[in-house]
Amino acid sequence: MSTAKKLIDNLKEDVKGSHQKVNPTYMKLVEVFPLQPITAKGQHEMALKVLEKLISYVNEENQADEGAEVYLNTLAELVGDYERNHYKASAVSGAEMLAYLMDLQGLNQTDLAKELGGQPIVSKILKGERELNLRQVKALAKRFKVSPQVFI
């Protein structure tokens, strides 16, 4: 018996009865693009493509897909780790992040009017004439399914 097989058998025994179920969407996504540390530029570029499609999928689905969301969050962490190690971080304003996410999802100012308090307010935020407040940050985080920290 191989060492890896022994490890897996031992782990199966250790977690037996924990009733952790694996979402089928999650497993299919892992088969397509395995979750592992990103170590090369090509992997990073591919991970960004996968993230972009996942974000669109998660935001377009009428029903929550827990498997896709767990996979998305994990892949985003792996991409973040790679980027922290390979790129100098530059400060990005909440407005810049909002503009990026809007562009990524093909949204316009009217699409976010409800969350932010009207289209004129969205315009002022994007122009840098107005800062995002806490209520708006929370609403955007919920809308885009990201941490509120993204906009701070």
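Bear in mind that the values in this text are calculations on the coordinates, not laboratory data. What you see is a predicted model, and the numbers here were worked out from it, not measured in a lab. Here the Cβ is made from the backbone with ideal geometry for all residues, glycine too, and neighbour counts use every protein chain on show.
Overview of values
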| quantity | calculated |
| --- | --- |
| Residue-averaged 222 nm ellipticity for the chain, from DSSP H runs of 4+ at -39500 (n - 2.57), nearest 500 | -20500 deg cm²/dmol |
| Global geometry of the stretch 94-151, whether rounded, prolate or oblate, following the gyration tensor of its Cα atoms and the 1.5 cut on a/c | rounded |
| Charge-dipole axis of the chain as Lys and Arg at +1 and Asp and Glu at -1 on Cβ define it, positive-most pick from 118, 32, 149 | 149 |
| Filtered GluC sites (Glu not before Pro), the stretch 42-148: DSSP coil and at most 11 other beta carbons within 10 Å | 61, 129 |
| Over the chain, relative contact order from alpha-carbon pairs under 8 Å, at least 6 apart, % | 20 percent |
| Cα gyration tensor shape of the stretch 12-116, rounded if a/c is under 1.5, else prolate or oblate by comparing a/b with b/c | oblate |
| Gap separating the Cα centres of the stretch 54-72 and the stretch 1-51, nearest whole Å | 18 Å |
